[in-house]
Amino acid sequence: MPKVTVDGVEIEVPQGATVLQACELAGKEIPRFCYHERLSIAGNCRMCLVEVKPGPPKPQASCALPAGEGQEIRTDSEMVKKAREGVMEFLLINHPLDCPICDQGGECDLQDQSVAYGRGGSRYHEHKRAVTEKNMGPLIKTTMTRCIHCTRCVRFSEEIAGVDEIGALYRGESTQITTYLEQAAKHEMSANVIDLCPVGALTSRPYAFEARPWELKKTLGIDVSDAVGANIRIDSRGREVLRVLPRVNDDVNEEWISDKARYMVDGLTKRRLDKPYLRRDGKLVPATWNEAFAAIATLNPGNSIAAVAGDMLDCETMFAAKKLTGALGSSLLEGRQTGMDYDTSSLAAVNFNTTLAGIETADAILIVGSHVRWEAPLVNARLRKAVKRGAKIFLIGPEWETTFGGEFLGEDLSVIGNLPNHVWETIRDAKRPAIIVGGAGIGRGGLEAALSVGEQIGIVRELEDGTRWNGFNVLHMAAARMGGLMLGFAQKGGIADIVAAKPKVLLSLGADEVDYTKFADSMIVYVGHHGDKGAHAADVILPAAAYTEKAGTYVNTEGRVQWADKAVFAPGDAREDWTILRALADAFGVSVGFDSFEELRAAMISEVPALGIEGLADYGSDLPAGGGSASGPIAYPVKDFYMTNPIARASATMQQCSAELLHGEEIAEAAE
């Protein structure tokens, strides 16, 4: 490891580190606009200038200069100070004085660094150039006059998202950043360029002119729009969530989130259930809590009660429902709303065993029945990294536009048992082979057939470095799935078992994808937060809290246990789910063993200890033997990326994205 001296302090730096990284290891702050840890080095803003000896007697860009043995680096010399002041002066030649009306105000790198490293005055008096606004779609607001051409957005689109949508036109002073033919940015992670933009050129269109950062309460949360469990920060003011931003977690989402996770939050205030309802004479009419509980209790279901968990539930709610049904003598619990009935006796067989970060190191990957871009955009970004490292990817299912290439082998599940020779040899001979089974591949024998392939190629193995590799993965789509499976929300025959049991009362816990026509003889009690499909079918509606309105435990598709905090209060008469289930226990006259959230969580952890430890749950690495044959055409369950859950369906922003970006509808003008 080379030794360098930074401002008189000698340190060791890793081989291949840049001078900028060496300075940061020494605790020195280096200003930058174009450099970003997760993007390639561009070296075009010149703000990170330092003095390096031996070398030419001039400031050098530290982001693009390799650190070498014996270098003496100065970050605080008069030469460096003057150079940075000059660069800042250049950057501000054309930058407009927009700070009072700019959404980036208070969070702007240019503001911060011009105060810290600028001259305090400009010697330029020429007219500032202006650049026309660009159309980047319904999510990204552009004010390109503010752009300083750091090209972070260009590099993100090309390198991380894998979609060549943003680029630069013209040369020199005329350079402009724009989308191709000024079309909207259409990929599922497009809005991450807003976080990357160091100035106010790219800002959030739905959030425009809503609030300043110092007005907002910031709460740590977990995204529930898919099963990846991205770490998010929920920014709220009063009782309203105004925006969601990603938090850095290298093991889960790095520092990206999908557009749906970021923008579906405006649906939290639309179509909300804020009071109880009872169905009388075929119509749902408002009622009091006491009337609603009395109506359910009069049915006196005994042990003829079942609970179906929705896709966005926290573990505490599911555990409370399990305790309630258990106290009544029922074990009818299910979370797979759409009818899937795969074997859940081994959680290792339905887990993402390589981990999300580990899939990047796989060198041959077989994907069965998963439209990864729509089911888990952040996993898609990881697969791109794997391909960059040399991985070969094969896919079984209808073709979709991947951003990493890959070879499609067919659209029928039977392909798993008849893999072409070159595919079989590639995954058999790989050092780190991986299989990813998606929602469309897990049923009809697909899981067992994939397990059989994994067994034959030795997908669980010891690597040369002594670590254990388990390449068998199931990619779920519901944030509640793994937590539900840990809590026993799975019947042997799936939801068909519950239909066959004909329960008197069906507790629908935010379950909006169930076919309720099969429960015509049951009283459907909907405990949820949006007037979606489940509420329309319900006989009793009990208004609950959305994911931002309660604390909870979530388990993502790789079995990672994560905790979220409560950001805002639920609207109107809506209550947190566990309190509703606790009150239902009183209405039924049974005891569930908890009276507070702390007691509920403690009881849950004592029953399932893994839910009390933040981090990866241990399901073991031994996979059950596969076998049997799979057959049937594969049809991906997600038909519209922007409309997969009740919050997104209520969101005006997601509706606009669906209409414009997926279905090609023109933007409606006011006169229309």
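Given R0 = 25 Å, the distance between the Cβ atoms of D112 and L181 translates into a calculated FRET efficiency of 0.10.
For segment 45-90, GluC sites (Glu not before Pro) meeting the loop criterion (DSSP other than H, G, I, E, B) and having at most 16 other Cβ atoms within 10 Å: E69.
Restricting attention to the chain, close to 60% of DSSP beta bridges with both partner residues there are antiparallel. With the cut-off at under 15 Å, measuring from each backbone N in segment 78-100 to a point 7 Å along the Cα-to-Cβ line of K128 picks out 89-100.
Rounded to the nearest 5, what % of DSSP beta bridges with both residues in segment 424-543 are antiparallel? Looking only at bridges with both residues in segment 424-543, the antiparallel portion is about 20 percent. Let me know the shape class of segment 260-318, please: from the alpha-carbon gyration tensor, a ≥ b ≥ c as square roots of the eigenvalues, rounded when a/c is under 1.5, otherwise prolate if a/b is greater than b/c, or oblate. Oblate is the answer for segment 260-318, as a/c is 1.5 or above yet b/c matches or exceeds a/b.
Taking the Cβ of E10 as the centre, find all other residues whose Cβ is under 12 Å away and add up their charges (Lys, Arg: +1; Asp, Glu: -1). Result for the local shell: -3. Taking a Cβ cut-off of under 12 Å around R119, the surrounding Lys, Arg, Asp and Glu residues balance to a net charge of +2, with basic ones at +1 and acidic ones at -1. The distance linking segment 329-400 with segment 7-71 is 39 Å (Cα centroid to Cα centroid, whole angstrom). With contacts taken as Cα pairs under 8 Å at a separation of at least 6 residues, segment 228-348 carries a relative contact order of 14 percent. Principal axis extents of the C-alpha atoms in segment 361-420 (largest first, rounded to whole Å): 29, 23, 14. With the convex hull drawn over the C-alpha atoms of segment 411-542, the volume per residue is 148 Å³. Counting only protein chain heavy atoms and rolling a 1.4 Å probe, the accessible areas of H127, H530 rank, largest first, as H127, H530. Roughly what angle does helix 446-457 make with the longest principal axis of the chain, taking Cα atoms, 0 to 90 degrees, to the nearest 10? Roughly 60 degrees, rounded to the nearest 10. Taking all Cα pairs closer than 8 Å and separated by 6 or more residues, the relative contact order of segment 525-600 comes to 24 percent. Averaging the Cα positions of each part gives two centres, and for segment 159-209 and segment 75-122 these lie 22 Å apart. For segment 300-353, dividing the convex hull volume of the Cα atoms by the residue count gives 111 Å³ per residue. Between the alpha-carbon centres of segment 484-551 and segment 422-455 there is a gap of 33 Å. Local charge for L451 was computed over the other residues whose Cβ lies under 13 Å away, with Lys and Arg +1 and Asp and Glu -1, and equals -4. A 1.4 Å probe run over the chain, with the rest of the protein chains in place, finds 41 Å² accessible per residue. Contact order for segment 428-571, expressed relative to its length and based on alpha carbon pairs under 8 Å spaced 6+ residues apart, stands at 17 percent. Computed about the Cα centre, the dipole magnitude for segment 1-98 is approximately 240 debye when only Lys and Arg (+1) and Asp and Glu (-1) carry charge, each at its Cβ. Look at the dipole of the chain built from charges on Cβ: of G172, V244, L542, the Cα furthest out on the positive end belongs to G172.
If you line up the long axis of helix 577-588 against the longest principal axis of the chain, both from Cα atoms, how many degrees apart are they, to the nearest 10? On a 0 to 90 degree scale, this one is about 10.
When the chymotrypsin sites (Phe, Trp or Tyr not before Pro) in segment 390-438 are filtered for DSSP coil states and for at most 16 other beta-carbon atoms within 10 Å of their beta-carbon, the remaining sites are W400. Straight-line cross-link reach from K81 at under 19 Å between alpha-carbon atoms covers these aspartates and glutamates, not counting any fewer than eight positions away in the same chain: D7, E24, E29, E51, E72, E89, D109, D112. The trypsin sites (Lys or Arg not before Pro) found in segment 371-421 that occupy coil by DSSP, while having at most 13 further C-beta atoms within 10 Å, are R389.
Calculate the tail of P(r) for segment 576-667: the fraction of all Cα-Cα distances greater than 21 Å, expressed in %. Of all Cα-Cα pairs in segment 576-667, 68 percent lie more than 21 Å apart. Each 10 Å bin from zero holds the following percent of Cα-Cα pairs in segment 428-471: 28, 47, 21, 3. Where a ≥ b ≥ c are the square roots of the eigenvalues of the C-alpha gyration tensor, would you call segment 5-153 rounded, which needs a/c under 1.5, or, failing that, prolate if a/b is larger than b/c, or oblate? Prolate, because a/c is 1.5 or more and a/b exceeds b/c. Label-to-label distance, D412 versus T338, with points set 7 angstrom from Cα along the beta-carbon direction: 2.2 nm. Between the beta carbons of I101 and V9, assuming R0 = 51 Å, the FRET efficiency works out to 0.75 to the nearest 0.05. Would you work out what percent of the accessible area of the chain, with all protein chains in place, is carbon or sulfur (probe 1.4 Å)? Solvent-exposed carbon and sulfur of the chain make up 50 percent of the total.
Counted residue by residue at 0.36 nm each, then reduced by the alpha carbon distance between them, the extension gain from L169 to K492 reaches 110.4 nm. Checking the cross-link pairs K504/K533; K134/K550; K128/K186 against a 29 Å limit on the alpha carbon distance flags K134/K550; K128/K186 as lying beyond it.
Remark: for residue pairs K502/K639; K385/K431; K28/K385; K322/K518; K28/K58; K385/K566, the C-alpha separation exceeds 24 Å in K502/K639; K28/K385; K385/K566. Size descriptors for segment 165-239, from the alpha-carbon set: Rg then Dmax equal 16.1, 48 Å. What accessible surface, in Å², does a 1.4 Å probe find on Y554, ignoring ligands, DNA and RNA and rounding to the nearest 10? Rounded to the nearest 10, that gives 10 Å².
The values are calculated or read from the model by the stated rules, or taken from the named source; none is laboratory data. Because the structure is a prediction, the values reported are computed rather than measured. Reconstructed Cβ throughout: ideal geometry from the backbone, glycine too, with neighbour counts over all protein chains shown. Areas reflect the complete protein model, heavy atoms only, side chains present, ligands, DNA and RNA absent. Shrake-Rupley method; radii C 1.70, N 1.55, O 1.52, S 1.80 Å.
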